[in-house]
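Reading through the C-alpha cells given below for one structure.
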Amino acid sequence: MTLQSTGTAAGSSEVAELGPWFHNLHLPGGLQTAPDHPLGDFPSFKWAEVGAALPEDLSGVRALDIGCNAGFYSFELAKRGASVVGIDHDPHYLQQAQWARGQLGLDDAVELRLMGVYDLARIEEQFDLVLFLGVLYHLRYPLLALDLVTSRVRGTLVLQTLTLPGDEQVTPPPDLPLEDRDRLLEAGWPTMAFVEHRMADDPTNWWLANAAAVEAMVRSTGLEIVDRPGHEMWVCRRAKPFEHQVEVDRATGQA
Ligand SMILES: C[S@@+](CC[C@H](N)C(=O)[O-])C[C@H]1O[C@@H](n2cnc3c(N)ncnc32)[C@H](O)[C@@H]1O
C-alpha cells in the first residue's frame with residue numbers, strides 16, 4: 001500500500017500499522033488510508049450517491065451505521081451534525097475507526113461499538129437514520145438480520161447490497177397456487193442465489209438477492225422504498241408496523 005506523500009510521517013506509520021484498510025479515509029494533512037484501493041476512491045464515490053439522498057443538515061439526528069468498517073460513513077454523518085453509533089463485529093476495522101475518529105476530532109460525535117448485526121436483538125434504541133451498507137450479502141441469515149435492522153428504524157434506512165444481475169420486477173400475486181410454481185422462475189421474481197463456497201475469494205459472500213427480492217424483503221419488514229439513489233442502493237421509510245416480532249424473538253432466543 002502506498003501512502004499519500006502529503007501525510008505526516010507519524011500518521012503514515014500508524015496507517016501502515018493499522019492496515020489493511022477497506023475504506024480510503026481522507027485524513028487531515030492529506031493522509032489517505034487506502035489510496036490504491038482497487039475500486040477507486042472508495043467509498044467517497046458511493047457517499048456522493050448516499051449523501052445526495054440525505055439532508056445536508058443532520059443536527060439532532062441519531063444515526064446507526066451497521067458494519068461501519070473504518071468509519072467512513074459514520075464520520076460523514078457526524079460532519080453533517082448527526083450523533084452516530086457505528087457498529088462492526090470485526091475488531092480490526094473497529095480499531096481503525098477508533099484511531100481515525102481521533103484524527104478527525106469526532107470522538108464526541110461518533111460512538112463505536114464492537115457488535116454484530118444479530119446483537120441488535122438485544123438493544124432497545126431506535127434511530128432516525130440507519131445505514132446498512134455492504135453487509136446483507138455477507139450474512140447467513142439475511143432476512144433475520146433485515147428484520148432486526150428495520151426494527152431499529154424510526155425514520156430512514158439506507159440499504160446497499162451486492163445483487164444478482166438484472167433489474168426486472170415481477171409484482172407477486174397476493175396468492176400463488178401450487179400449480180403455478182413456474183412463475184417462481186420468471187425473470188424478476190424475487191430470488192436469492194446461495195453461494196456455497198467462495199465468491200471473489202471471500203467465504204462470507206453467502207447470498208445474492210436480485211433487486212426484486214431486496215425490495216420484496218424490505219416491504220415485508222413494513223418499510224417502503226422511497227428512493228434508489230444509486231446502483232444496488234435503496235432509501236426506505238417505515239410504512240406500517242413490523243408484524244413478525246414473535247418469530248424474531250424466537251429466532252434470537254428472546255422468547
Ligand atoms: C463490505 S464491508 C462494508 C463496509 C461499509 N459498510 C461500506 O459500505 O463501505 C462489510 C463490513 O460489515 C462488517 N460485517 C460483516 N458481517 C457483520 C455482522 N454480522 N455484524 C456486524 N458487522 C458485520 C464487516 O466487518 C465489514 O466491516
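We did not get these values from a lab; they are worked out from the coordinates using the rules stated. Here the structure is a predicted model, which is why all the values come from computation and not from measurement. Counting neighbours? That spans all protein chains shown, and the Cβs are built from the backbone with ideal geometry, glycine included.
Some observations on this one:
- Placing a pseudo-label 7 Å from each Cα along the Cα-to-Cβ vector at Asp90 and Arg219 gives an inter-label distance of 3.4 nm.
- Amide H partners (placed H, <5 Å) of Leu64, local residues excluded: Val85, Leu129, Val130, Leu131
- FRET efficiency, 1/(1 + (r/R0)^6) with R0 35 Å, evaluated for Glu124 and Ala239 via beta carbons: 0.95
- Here the alpha carbons of the chain define both size measures, Rg and Dmax, at 19.2, 68 Å.
- C-alpha long axis of helix 211-220 to longest principal axis of the chain, angle in °: 80
- When the charge dipole of the chain is built from unit charges on Cβ atoms (+1 for Lys and Arg, -1 for Asp and Glu) and taken about the Cα centre, the candidate among His26, Val235, Val110 whose Cα reaches farthest toward its positive end is Val110.
- Oblate is the label for region 32-113. Its Cα gyration tensor axes, ordered a ≥ b ≥ c, give a/c of at least 1.5 and b/c at or above a/b.
- Three-way shape call for region 4-148 based on the alpha-carbon gyration tensor, with the a/c threshold at 1.5: prolate
- Per-residue ellipticity at 222 nm from helix content only, as computed over the chain with -39500 (n - 2.57) for each DSSP H run of at least four residues, stands at -7500 deg cm²/dmol.
- Between Val170, Val218, Val15, the residue with the greatest mean-square fluctuation in the GNM of the chain (Cα pairs under 10 Å linked by springs) is Val170.
- Gyration tensor (alpha-carbon) shape descriptor, region 88-176, a/c threshold 1.5: prolate
- In nm, spacing of pseudo-spin labels at Val226 and Tyr141 (7 Å Cα→C-beta vector): 3.0
- Note on the chain: with charges restricted to the Cβ of Lys and Arg (+1) and Asp and Glu (-1), its dipole about the Cα centre is near 380 debye.
- Among Glu76, Glu49, Glu243, the largest mean-square fluctuation in a Gaussian network model of the chain (Cα springs under 10 Å) belongs to Glu243.
- Normalised contact order of the chain, rounded percent, pairs of Cα under 8 Å and 6 or more residues apart: 14
- Dipole of the chain [Lys/Arg +1, Asp/Glu -1 at C-beta], most positive-end residue of Pro43, Ala82, Gly222: Ala82
- Here, P(r) means the percent of Cα pairs in each 5 Å bin from 0 to the largest distance; for region 140-237 it is 2, 12, 21, 22, 20, 14, 7, 2, 0.
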